[in-house]
Every structure is written in structure tokens, then in C-alpha cells.
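Below is one structure, written out as C-alpha cells; comments come after it.
Where a number appears in this text, it was derived from the coordinates with a stated rule and is not lab data. Computed from a prediction, not measured in an experiment: that's the story for all the values here. Here the Cβ positions follow ideal geometry from the backbone for every residue, glycine too, while neighbour counts run over all protein chains shown.
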Amino acid sequence: MPYLVAFWNLENLFAPENFAGREPWIADAVRNDLTGWTQALFDRKVEQLASIVVPMKNGGGPDLLGVCEVENRFALQAVADRLNALLPNRSYQLVHVDASRDQRGIDTAFVFDSNVLATNPQELFSHWVVRRTGTRDITQATFITQAGNELIALANHWPSRSAPAGRGPQYSSGFRATAGETLSYWHERIREVKGSNAAIIAMGDFNDDPFDDSLIIHAQALRERGDVTRAQSAKFYNLSWRYLTQFVIDHQGNQRALDGTLYFDNDANLFDQILVARGLLTGPGRLKAVEASAKIEAFPGMVDHRVGEGPIRFGLPKGNAAANVNTAGFSDHFPVSVEIDET
């Protein structure tokens, strides 16, 4: 049975402005951004997100979806509820740990179909990425197929590239190197417990491109498949290199290469990546990544032809919803996905 595993940065999925369960420190941190973030805008955002998730897997939705930029369980549950309403054969549930030390309180999490996957509550971890200012944790969960095979997934959202004017991404590169080392450390620890052929997948918004040191050196996420399958140590095969052969239809009806998963200042970046361990490539396990299936889920309706061929963002009101929110938008990132086959 093929499973579709996807990841999507949901772009500031906050509960409505006056959400009663919001922690006071988060309310202080995001007060200006959420001014005017009404229940109606929140509902519209959820509807727009669901309209992209549902068409995945030929209209059946993904079996497992990793996410980031989620404020809390309430906000993500609204998405799962909408997906369940649109896909009655699915029974989406959440894996969420409200333990983020991010300066705005946003989390990584998973949405999974409990009809085809189960979770092991004893193997849910939130790995702290240690740095001098708050950052997002790496959420690790074990998912179990109906045949009893384990897939260990890690959802990532690495520190952003924000920096003082003129400093560039190198200003914050050390933070992402730390996140890469954290991921690599837990990759090795998982192998010690589960064996060197464990089926491990790491996905996320890494805020670096696949050729950056944080991925290649620190996370040991490599472009060459053989360097991973032959290695005795913990290494990942970075499937995002395969996205570079993907095409999209531009506003003139022409086919052109899809340059990245997001655009910033009109430049494309490939920040959203899927990494698989050796156990999903070779070895005795029954779960295998269908490597050629790795792709950017760039559905035509979400492609912004005004800004390269990037995604149409939804935005936050910041006191002026008319200027800062596009209710025809979705997120500032495209989702990415890969099929996992069970033999």
C-alpha cells in the first residue's frame, strides 16, 4: 500500500484574535499582527488550506501531513475537522506538543489518518534546539501501519534568516547549523534504539537550501544516494534535489521549471525539503520511499504569476486586513510530498 507523506508550512495559522485560550506571553508577542484577525478570516484561512490538502493523493488527501507555523492545537484541529468533513473516508487526528520556545509560540505538528496509521504515545518527543533566543522544537513521532511497520517522522522548522539590515543570512546561519546538529544527533539516537535500518523521515521548512552547510554538513542530508546507502553512520538522502526537474504552467500557458517552494524579494528558495534515512532506501524493512515521487505540490490555483511562480500567500491583518490579507491566498510556501510504499 502506498502512503502519501507531505509537509506544509501553513503560514501563521493563529487562532482568532480574541481566542480565550491564548497564552498571555503569546498574546503580547503577536498582538499587532493579529489585530483584525477575525473568526471569519480564520475560517477562510482554514478553508483555503483544506482546499490544497484535499487534492493531494488524487483527491484522497495525504495519509500523513507534517506542518509548521501552527499556534496551538485549537488552530490545527480546525484544519483537521475541515479535512474530515471534506474527506469522509478519512479520520484525521493530531500529534501536537505545545512546547515551542519560539518567540511567537508557533509549533511543528502532524496530522495523520487514524484509519491507516496509529501512533505510539510512548514515542512522542519534542527536541529542543538550544540557542540563546527562543526557537521551534523538532517534533518526533512514531507512526505504525496496519501491518505493524514503524515510520519515525521528525517535523522541523529551523530558525529564520531574519537579520539586521545588511547582514544577510550568514548572520543567523549558526542557529540553523545548531538545528542541523540537533536533527543529526537524534537521528543517531533513533538508530541506536531502532537499528540502523529504521524507517526514518525528516521533513520541514529548513530556512536553508539543500546545498547549505546546515543541511549537508550538520544534518548530514546529502544529494548522492550512494553516499547514504553505503554509510555506516546516520545520514539522510535529500529528496528535494529531485524537485529541480519539476515544471509548472506559467501565466502565459508555457511550461517552465519550478524554482523553489517559496519566494522572498522575488528570489526562489528551496527551503521545504524531505529527507529519508537509509532504511527507507535499502535494507530489510518493508517501508520504502518512492524516490521519483518526491515533488512540490504546486496546484495551479495557488501559483502566483506576479511573483515568479511562487505560492499565493494569505497573510495576517496587522490592523489592516484589506491591505495585508489576500482571502484568495493560501500560504507563502508550497507543500512538498513523497510516497512511501509498503511491500
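Count Lys and Arg as plus one, Asp and Glu as minus one, and take only other residues whose Cβ is under 11 Å from that of residue 276; the net charge is then +3.
Here the 3J(HN,Hα) profile of the stretch 218-228, calculated from phi with Karplus coefficients 6.51, -1.76 and 1.60 at θ = phi - 60°, is 7, 8, 6, 9, 10, 8, 8, 4, x, 5, 8 Hz, Gly and Pro shown as x.
The aspartates and glutamates within cross-link reach of residue 57, meaning a Cα-to-Cα straight distance under 18 Å and a gap of 8 or more places when in the same chain, are 113, 291, 297, 339, 341, 342.
Counting Lys and Arg as +1 and Asp and Glu as -1 over every other residue whose Cβ lies under 9 Å from the Cβ of residue 340, the net charge comes to -3.
Net charge in the neighbourhood of residue 152 (other residues with Cβ under 12 Å of its Cβ; Lys, Arg +1, Asp, Glu -1) is +1.
Relative to the dominant Cα principal axis of the chain, helix 173-194 is inclined by about 40°.
Over all directions, what mean area does the Cα convex hull of the chain project, stated in square nanometres? Before the final figure, lay out the partial values.
Numbers: hull surface 67.1 nm².
With every direction weighted equally, the projected area is 16.8 nm².
3J(HN,Hα) along the stretch 106-114, derived from phi through the Karplus expression 6.51 cos²θ - 1.76 cosθ + 1.60 where θ = phi - 60°, amounts to 7, 10, 9, 6, 10, 10, 9, 8, 6 Hz, with x in place of Gly and Pro.
Report, please, the projected area of the stretch 155-254 averaged over directions, based on the convex hull of its C-alpha atoms, in nm². Show your work: numbers first, answer last.
On the way: hull surface 33.9 nm².
Directional mean of the projected Cα hull area for the stretch 155-254 stands at 8.5 nm².
Beyond 13 Å, the tail of the calculated P(r) for the stretch 201-261 holds 67 percent of the Cα pairs. Estimated from helices alone, the mean residue ellipticity of the chain at 222 nm is -6500 deg cm²/dmol (sum of -39500 (n - 2.57) over DSSP H runs with n ≥ 4, per residue). So how tilted is helix 73-86 from the main axis of the chain? Cα-based, degrees 0 to 90, rounded to 10. Long axis of 73-86 versus the principal axis of the chain: about 80 degrees.
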